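Structure first, commentary second.
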Amino acid sequence: MAANSNNGEALQFIEEMSRNADAVQKNVLAKILTQNAETEYLKGFNLNGATDRETFKSKIPIVTYDDLQPLIRRMADGDSSPILTTHPVSEFIVSTGTSSGEGKLIPSTKADSNLRLRLFSLIMPVTGQYAQGLDKGKVLQFLFTKPETKTKGGIPVRSSLTSLFKSDIFKNRSDNPDDVMVSPNEAVHCVDSFQSMYTQMLCGLYERENVAAVGAMFASGLLMAIRFLQVNWQQLTHDIRTGSFNPKVTDTSVRECMTRFARSDPDLADAIGQECEKDNWDAIITRIWPNTKYIGTVITGSMAQYIPTLNYYSGGLPIVSMMYASSECYFGLNLNPMCKPSEVSYTLMPFLAYFEFLPHESNSHGLTPPQLVDLVDVEIGKEYELVVTTNSGLYRYQIGDVLRVTGFRNKLPQFEFIRRKNVLLTIDSDKTREPELQVAVENASQLLREFNTNVVEYTSYADTKIIPGHYVIYWELMEKDPTKSPSDEVLSQCCLTMEESFDQQYRRCRVVDKSIGPLEIRVVKNGTFQELMDYAVSKGASINQYKVPRCVTSKPMIDLLDSRVVSTHFSPSLPHWTSERRL
Ligand code: AMP
């Protein structure tokens, strides 16, 4: 997070990791197995003290979260015996996606959080090598923490970024004279997203001339920030002109910290106002922050949908997509940060976990068990599913991501992120899979019963043309009694029922983060899904095997559906959300 200090040491560390990748992996596995030999989980597989890869692979099964959920539930409920890890669980990292639709709780230890910080600390040294002048500038990175809860056993439950931003190393960085982050800790730690965003934006505007990079963790977050500026620039420039601070920001520590930034600067307010009041927001980022060298945000995977919009707002600045990580484990970095978004590859760092790779084509229902490949043995051009063994008690755990090998840095492979398995719809940190969409459609279609109407086909699409993006669900209806069609009010209620059916993360994005807009149902003419099939068949799909895609991404298909829309309906209110979660 500091641009100058320790850069050489960090780059040297990466170089050593890349040369000794296999030895590092071997040691990481041995350390994890030694440390956790007495856990209930590992004892159940009779490793008998072995720490070598061959024994490990022959005895320990490949698992998903659902397999571990009963054990994790016990840990969360307060059973402190060594179940998955011998080290005390200091927090649970919460994430999306169990088969029940509820969030995953990933145990995390102190050592684990140090590893995450170590990876995070490598970002600025790597980027600084390429971004000329970064050492003289500041980074306006919009960062947010979310409210934390506790498990029944009293252990804190946090998102992985909240954990990172609450760590002492992050908090103490502002004491470092080389610190380059614009956002004050108080604003990052404020869990009210309006107050946090307002304050970070205001600080960013005060630092207008010094900002050398603008970003957010994910592209969706950065676009939310631009949208925020669009809606709030008049109040922001008023504050700058008068040296005051919006009374809607009530958090006392945030207000107190702003006394360090606030000053009356009418010229700055005028300059910003002149840009914001224009109808055209093309290249607004460089017009507001003229010394910006790059945009720093994850742009791969589901975030790729935001590249055109980001290019528009940034005037085509390089987009640096630095980090690949998950709640279970941080994975690696992009060592070629200034490359084009389509060429981003991540280098997995061998000190973070023991990594294995399931060849993608072998993940079928064959008779022989799949052979997993070690980090240094993957082959260029091939696709693999990522399997991790972590410090905090996940052993041979399938992350659910498909990666393709694009090259090597010394012994270390570099991977293009291909996709997350099974996710249909995503706008922000939500991940809606086919079964959840199916249940939501079923629940909503109950409301049509009294109108003698059925949903005969449906598909969906994540519409991100307008920020915040929203889910669009196309419905083809069969009305058995056309004199009794469901009204707009009924169909709007169907939208809300679908939103109520989605998981906690969707509803959180919708209600708290406001990063997802109201769900929309587009009713299409009868026969539209037949036309969709005709189109797919004309492009080579087999009629025998054709299945209605439950999500469409191809433009011709979306255009076809849109050209047959007879009515559109939006969710009239926010779905229900509480911070409590059920394991
Ligand atoms: P979560 O556990 O909710 O933080 O989600 C982690 C997942 O987000 C990963 O397993 C990936 O599917 C996705 N993800 C994280 N970082 C990236 C990235 N840099 N590029 C593409 N997808 C990513």
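The values are calculated or read from the model by the stated rules, or taken from the named source; none is laboratory data. Note that the coordinates shown come from a computational prediction; the quantities given were computed from them, not determined experimentally. Here Cβ is always computed from backbone atoms with ideal geometry, including for glycine, and neighbour counts include all displayed protein chains. Note: accessible area is taken over every heavy atom of the protein model, side chains too, but ligands, DNA and RNA are not part of it. Shrake-Rupley method; radii C 1.70, N 1.55, O 1.52, S 1.80 Å.
Would you mind classifying the range 424-570 by shape? Square roots of the alpha carbon gyration tensor eigenvalues, ordered a ≥ b ≥ c; an a/c under 1.5 is rounded, otherwise it is prolate if a/b is larger than b/c and oblate if not. In terms of gyration-tensor shape, oblate.
Within the assembled protein chains, the solvent-accessible surface assigned to residue 239 is about 0 Å², based on a 1.4 Å probe. Peptides 278-285, 306-313 ranked from most to least packed, by the mean per-residue count of other Cβ atoms within 10 Å: 306-313, 278-285.
Legend: residues 421, 340, 547, sorted from most to least accessible area (1.4 Å probe; ligands, DNA and RNA excluded), read 547, 340, 421. Ranked by the mean number of other Cβ atoms within 10 Å of their residues, highest first, the peptides 251-259, 47-55 fall in the order 251-259, 47-55.
Per-residue SASA remark: residue 396, around 10 Å² accessible (1.4 Å probe; ligands, DNA and RNA not included).
So what is the relative contact order for the chain, in percent, with contacts set as C-alpha pairs under 8 Å and at least six apart? Could you put the intermediate results ahead of the total?
On the way: 1114 pairs, mean separation 77.2, N = 583.
13 percent.
Residue separation of residue 281 and residue 304 scaled by 0.36 nm, minus their Cα-Cα distance, works out to 6.2 nm of gained length.
Solvent-accessible surface of protein heavy atoms, probed at 1.4 angstrom with all chains present, puts 555, 431, 514 in the order 555, 514, 431, largest first. Subtracting the Cα-Cα distance of residue 19 and residue 34 from their residue separation scaled by 0.36 nm leaves 2.9 nm. Each Lys and Arg contributes +1 and each Asp and Glu -1, all at the Cβ; summed about the Cα centre of the chain, the dipole is approximately 540 debye. Taking a span of 24 Å or more along the helix axis (Cα atoms) and a mean Kyte-Doolittle hydropathy of at least -1.0 as the rule, the DSSP H helices of the chain that qualify are 219-242.
Share of carbon and sulfur in the accessible area of the chain stands at 50%, probe radius 1.4 Å.
Once you reduce the range 1-70 and the range 207-272 to the center of their Cα atoms, the two points are 43 Å from each other.
Summing charges over neighbours of residue 126, with a neighbour being any other residue whose Cβ is under 12 Å away from its Cβ, gives 0 when K and R count +1 and D and E count -1. Average accessible surface for the chain: 42 Å² per residue, computed with a 1.4 Å probe over protein heavy atoms with every protein chain in place. Each stretch of four or more DSSP H residues adds -39500 (n - 2.57); spread over every residue of the chain, this sum gives -10500 deg cm²/dmol at 222 nm. Using θ = phi - 60° in the Karplus curve 6.51 cos²θ - 1.76 cosθ + 1.60, the 3J(HN,Hα) couplings for the range 371-376 round to 9, 8, 10, 7, 3, 7 Hz; x is entered for Gly and Pro. Sorting the Cα pairs of the chain by distance into bins of 20 Å, from 0 upward, gives 19, 51, 28, 2 percent per bin. The candidates 289, 233, 577, arranged from most to least accessible area with a 1.4 Å probe in the full protein assembly, appear as 577, 233, 289.
The solvent-accessible area of residue 9, taken with every protein chain present and a 1.4 Å probe, is close to 90 Å².
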